[in-house]
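Single-structure report; data block below.
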Amino acid sequence: MTPRPRRFRHTLKTLHLWLGLSLGVVLALVTLSGSVLLFEQPLFAAGHPELASRPLPDLATQGASLRQVLASPDAKALRGLSFPDAELPVWEGNARGGDRIYFDATTGEPLLHRTKSGDGLLLLLDWHTHLLTGEVGETVLGVVAFAGLFMLFSGVWLYWPGRRRALKHLKPHANPPVLRWASLHRFVGVAALPLLIVMIGTGTTMAYRGAVRSGLASAFGERGPARPPKIAPGSAPIDWPTVLAAAQAAAPDAQLTRLTLPSKDNGTLVLRLRRPGEWNLAGRSSLWMDPVSATVIGGDDATKLGPGGRLANALFPIHSAAVGGMTWRVVACITGALPLFLLVTGFLFWRARRRRHTPIAA
């Protein structure tokens, strides 16, 4: 009869192997796409210098151009817009279906329409966040990320030779091939474990961000995220320069970053803000406004949240390398390529072992 510890180890080894050769392929391609997307903004700016080199107009001019944007035929497809800034001084419209439309921040003239199916970066973003299959893909992505964490921890469990022999057991070998691939797989998996846990772990929380945010708030005894109130949509025209001026006056130390347009069922205008000290490039603070009267009806300040809320807000900036400067961005980029390295070396180890027909200790 096989001893229970040996059976457990055999089962763990089998799961580690076959998860790696199946879901590990998806994980490797997702993390590799994330490495590219860490440089999405500079790559887009390099491909469209005519957008990035424009002057950044003042807020009053932006408001006047926004009025022209929302009067154009393209406005019907928009869910919201990102404000012009120093890096990209144009309005960036987020259209239904994932397309992006860009408008001149001075005149409101349409400049560029990127379709999700025809733009490499948008296609890569959709793969990285939804596996090209919408909400279903995001759920599957969460399962893949959990499988990735399982492979990391099970790999360390299978490797662990005891505290005294841990470093010696990580020594890379050149030959024979079965030992070469095993030692490379083992060394990178253990040496990069903290970085892989951070990147895959924060990525996992993105797939379940609502539950993670609510769970952290509950764990620290905090209230859940506030929701903007609903107001009846107004029929009067909106004076956008006045609305933007009122928003900036209500939060003079903040940068206006995004706006979510009122809908047919709800006339509330939601503005995203980035207050000093926030890691998220778009900020997690917000203002809720009645756009017809240009009055603020509420909002929330992310810098005044408790530890649970602040931790929830820190996860995405860490994952997307919005903090830590270029050093962390390069480290995160390299980390995103490591699952592919582990997949290849793990496969080569498995194939070499099958060819030899002699098992080697994991």
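Brief remarks on what is shown
- Between 0 and 90°, nearest 10: helix 23-37 axis offset from the chain longest Cα axis: 40
- Cα centroid separation - the stretch 223-265 against the stretch 30-78, whole Å: 20
- Relative to the longest principal axis of the Cα atoms of the chain, the long axis of helix 209-219 lies at roughly 80 degrees.
- Normalised contact order of the chain, rounded percent, pairs of Cα under 8 Å and 6 or more residues apart: 20
- Residues W240, W91 in ascending order of nearby Cβ atoms (within 10 Å, fewest first): W240, W91.
- Ranked by the mean number of other Cβ atoms within 10 Å of their residues, highest first, the peptides 107-113, 166-172, 181-187 fall in the order 181-187, 107-113, 166-172.
- Lysines whose Cα lies under 30 Å from that of K230, excluding same-chain neighbours fewer than 8 positions away: K76, K264, K304
- Globularity ratio of the chain, using Cα Rg and 2.2 N^0.38 Å: 1.20
- Between helix 120-130 and the chain there is an angle of about 70 degrees, using the helix long axis and the longest principal axis of the Cα atoms.
- Within the shell defined by Cβ-Cβ distances under 11 Å, the residues around T260 carry a net charge of +3, with Lys and Arg each +1 and Asp and Glu each -1.
Taken together, the values in this text are just the output of simple stated rules run on the coordinates, not laboratory data. The model shown is predicted, which means the values in this text are computed figures rather than measured ones. Cβ coordinates were reconstructed from backbone atoms using ideal geometry, including for glycine residues, and neighbour counts include every protein chain displayed.
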